[in-house]
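Below you'll find the structure, written out as C-alpha cells, and then a few comments.
Throughout, read-outs are computed from the coordinates displayed, never taken from laboratory work. What you see is a predicted model; the values in this text were computed from it and never measured. Please note: Cβ atoms are built from the backbone with ideal geometry, for glycine as well, and neighbour counts cover all protein chains shown.
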Amino acid sequence: MSAGLPGATPGTARLPRIDPGAPLQFVINAAAGALDVEAKRVVIESALAAAGRQGELLICQPGELALAAAAAAASAARLGSAVVAVGGDGSLNTVAQAAHAAACAIGVIPYGTFNYFARTHGIPVEPAAAARHLFDAEVEPVQVAAINERLFLVNASLGVYPELLRDREAFKARFGRSRLVAFIAACATLLRAQRRLRLHIETATTARDVQTLTLFVGNNPLQLQQFGAEPEDSIPGTPGDGSLAALMLRPIGTPALLGLLLHGAMRRLGEAAGVEAFEFRQMRIRPAALPGSGKIVVAFDGEVARMRAPLDIRILERPLYLLKSPGASNGRMP
C-alpha cells in the first residue's frame, strides 16, 4: 500500500499513510445484500488470514451504521489504517462520510444491487475478490461531492427520483433484490409521476427558473453511461473527475414517459424528449414553494432525507482517499 502524510486538496493531496501492521476496520451492514452476516464474516476473516493481516469487524444494523462508521474511521485515522465499508452504495455513503471527515483511507467490499462506485474504480464486485483486493491496493484520491453538508459518491436528486427509491425498496421487500425488480419499480414510479418542481437554479454561468419532474445529479461516469445520458463536455473535466452532471426531466405526458422508459432501457436516455443534461461544478437550487416544514425531500446514493433550502450542490475540495488497485479502470464501458 502507498504511504504518505494526511492532506487536503485534490490537486496536491498528500495521501494517508497505511501501516500494514495496523488492523483494518470493517464496518458491516448486517442488512445489506443477500448473504447473511456469518457468510460476510467468513469472507473477511479468510482474506485476512491468507494475507497475514489483522482486522476488527464492527457488525451493525442500519440504524447503528453512522455511529459505527464514525468510531471505525476515528480508529483508522489514529492507528494509520483504513476503514472498510461492507455493503451497498447506501452503506458506502455512510462510511465514506465518516472516512472523509476523519481524513482516513477507505476500502470497499460491495454487497449491493448495482455497486456503481466499486465498479467505477475497478474494485471487484465479488466479495471475496474485493476483500483480497484490499491488501494489494494503493491509496488514491477520488472526487466526492455534497448536497448541502451531505456527501455523495454516485448521485443526488430531488423530485421523482427519491420517490423511485422509496418504491424500489417497497418492491424489493415484496419481490426480492434484483435489477428486474428495480426496473419494474422505476416503471411504476414514472407512470404515476405528476408532481412538478418549480426551481430557481444558479450555476457559475447561468441563473434560470425551470419546471421539472426530477433533477438528478451524477458523480459517477458508469451510471451516466448506462443511462446513455452523458452531457456535452462544456467545462474542463468529466463527471466524477472534475465536474458533475445534471439531468432534468421536463413535465411530459404518459406516452412520452413510456418512450422515456424505452430509451432508458436501451441506454439512450439522453436522446429522449424532455431530458436536458449539462455539466457544472457548483449549483444552488431554490424551490419556488415548500411544505410547511420548509424542507424538501432529497436522495443521495440510495438514501432519502429532508433538507432545508436552498440546496447547494458542489464538488468538495478534499477528495476521498480510496484503496484502489494500481492501474484500475475508471468504469468506462466498452
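Two decimals, Cα atoms only, Kirkwood Rh: what is Rg/Rh over segment 16-97?
On the Cα set of segment 16-97, Rg over Rh gives 0.95.
Taking the Cα-to-Cβ direction at N148 and at R196 and moving 7 Å from each Cα, how far apart do the two end points lie in nm?
It works out to 2.6 nm between the two label points.
In terms of modelled amide H atoms, which long-range or inter-chain residues lie less than 5 Å from the amide H of Q282?
For Q282, the qualifying residues are A204.
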